[in-house]
1. Taking each pair of different alpha-carbon atoms in the range 10-99 once, compute 1/r for the pair, average those values, and report the inverse of that mean as the Kirkwood hydrodynamic radius in Å to one decimal.
2. Looking at this model, which pairs from Lys181/Lys210; Lys63/Lys94; Lys22/Lys219; Lys10/Lys379 are more than 30 angstrom apart at the alpha-carbon?
3. What FRET efficiency, computed as 1/(1 + (r/R0)^6) with R0 = 60 Å and r the Cβ-Cβ distance, is obtained for Ser137 and Glu387, rounded to the nearest 0.05?
4. Given the convex hull of the Cα atoms of the chain, what is a quarter of its surface area in nm²?
5. Calculate, for Ile248 and Lys219, the FRET efficiency according to 1/(1 + (r/R0)^6) with r their C-beta to C-beta distance and R0 30 Å; round to the nearest 0.05.
6. Who wins for biggest fluctuation among Gly35, Gly129, Gly284 in a Gaussian network model of the chain, springs between alpha carbons below 10 Å?
7. Give me the net charge for the shell around Tyr183: Cβ to Cβ below 12 angstrom, other residues only, Lys and Arg +1, Asp and Glu -1.
8. Counting helices only, and only those DSSP H runs with n ≥ 4, report the 222 nm mean residue ellipticity of the chain as the sum of -39,500 (n - 2.57) divided by its residues, in deg cm²/dmol to the nearest 500.
Amino acid sequence: MLTQAPKGTKDMLPSEAHLWQKIEAVMRRRAALSGYREVRTPVFEHTELFLRGVGDTTDIVQKEMYTFKDKGDRSITLKPEGTAGAVRAFVEGKLFADALPCKMYYLNNPVFRYEKPQSGRYREHHQFGMECFGGKSPSVEAELISTLLGILGELGLKGLSVSINSIGCPECRPKYHAALKEYLGGRLDQLCETCRERFDRNPLRILDCKEEGCKQLVKDAPTILDMLCDECHDHFETLKSMLTARGIPFTVNPHIVRGLDYYTKTVFEIMVTRGREGLALCGGGRYDGLVEQLGGPATPAAGFGIGTERILLEMSNQGVTMEAPELCRVYVANITAADNEKAYLLCQQLRDEGIRAESDLCARSLKAQFKYADKLSAKYIALVGGEELERGVIKLRNMNTREETEVPAENAAAAIAEIVNK
Ligand code: HAM
């Protein structure tokens with residue numbers, strides 16, 4: 001083989017297409033029901049957007065971005081997440097001047113992160129995300145979480161747990177940073193090397209470190225939920241009440257901080273209950289400062305992103321299957337090579353009637369065409385040629401019952417459609 005797909009990427013083969021398409025259809029329908037419209041932004045952006053938007057202390061920006069210089073010597077980065085691009089489009093398109101909230105979703109956006117590949121973790125993955133601009137009420141987060149659970153439920157996934165936290169705002173977070181640093185300051189030697197680096201620049205991230213030593217240490221750390229300002233506290237309490245009212249079970253996990261810098265107040269994750277630790281199905285939260293930070297007017301916002309590959313993985317883990325669509329209802333076989341053109345014509349006419357039809361593209365013998373029709377699980381075979389055609393008819397065989405009918409060769413497509421659509 002000339003070359004293989006790059007490490008950490010995955011082909012979506014035609015045999016899996018119906019799964020992706022089903023997921024996309026459910027996402028589109030549920031997003032539309034919640035008033036979200038689709039947005040498509042470029043696969044690459046100016047690197048500056050992510051440095052400013054995602055945050056230059058994050059793992060994504062420090063280690064994982066696919067960044068290169070283009071021929072005009074501009075620094076370009078393949079999208080490492082969807083939010084920053086959506087915010088840029090919101091600002092550049094002046095959508096803030098329209099009626100707010102402005103609700104948008106992106107569907108199977110390719111996202112690139114130079115990560116260590118493993119099951120459910122790729123260097124290119126695809127995200128569905130919903131972003132809401134202009135809503136400051138916690139009902140935005142409640143709506144996002146409800147819509148997301150609606151999608152996952154409709155896809156047949158069970159055993160999902162919603163974890164929520166509040167990481168405060170620019171008013172209350174600095175106080176918490178100080179308290180956390182005071183607690184950790186005397187115990188730096190117990191932190192892993194990465195967390196020792198995080199201590200000065202981004203101490204909150206230490207809270208969700210997966211290293212055992214760090215996990216033990218932060219168990220007794222002060223929690224931000226005890227230090228929220230009144231506004232953040234009320235926001236969080238209202239969100240909890242709304243989720244409860246809707247019957248959505250959730251846990252409050254003060255160690256969820258998320259790996260991106262833009263979050264304020266609410267952060268949330270959806271985990272699979274019996275899964276590997278650290279592999280979230282979905283992550284999201286509020287980012288009230290980001291629009292302004294990227295040059296727009298101060299606009300509260302919140303959203304989430306979910307990886308389609310992880311949904312597929314979880315569907316497979318839970319044994320959720322989806323029926324593959326019919327490949328071929330009528331196989332139009334040509335009896336001799338000379339009948340191939342007529343078979344081709346009938347096949348096209350059947351397709352015009354909305355019937356999934358196939359005819360021979362490989363110059364196969366009649367026997368080989370039958371074999372192929374069987375592989376396609378064709379429900380009917382139309383036989384074009386022979387003495388039937390001389391009599392002005394076409395023979396149609398039902399492959400399940402073996403029953404045979406004859407239809408007039410003239411207008412055969414309409415007559416066949418009537419039979420096979422029954
Ligand atoms: P994130 O948590 O970095 O958040 O990613 C969101 C989701 O993308 C994850 O929960 C997971 O399903 C999927 N994902 C992330 N990395 C990978 C990977 N390497 N391989 C496969 N799937 C992956 C964000 O990206 C935020 N932009 C979410 C957001 C939107 N927050 C507000 N609005």
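1. Numbers: mean 1/r = 0.0640 Å⁻¹.
That comes to 15.6 Å for the range 10-99.
2. With Cα atoms farther than 30 Å apart: Lys63/Lys94; Lys22/Lys219; Lys10/Lys379.
3. On the way: r = 76 Å, r/R0 = 1.26.
The pair Ser137/Glu387 has a calculated efficiency of 0.20.
4. On the way: hull surface 109.7 nm².
Over every viewing direction, the Cα hull of the chain projects on average to 27.4 nm².
5. Working: r = 27 Å, r/R0 = 0.90.
The pair Ile248/Lys219 has a calculated efficiency of 0.65.
6. Result: Gly35 has the largest fluctuation of those listed.
7. Details: positive: Lys181, Arg187, Lys219; negative: Glu182, Asp220.
Result for the local shell: +1.
8. Numbers: 14 runs with 147 residues, N = 422.
One gets -10500 deg cm²/dmol as the mean residue ellipticity at 222 nm.
Read-outs: derived from the displayed coordinates by stated rules, not from any lab. Note that this is a predicted model, so its numbers are computed, not measured. Glycine also receives a Cβ, built like all others from the backbone with ideal geometry; neighbour counts cover every protein chain displayed.
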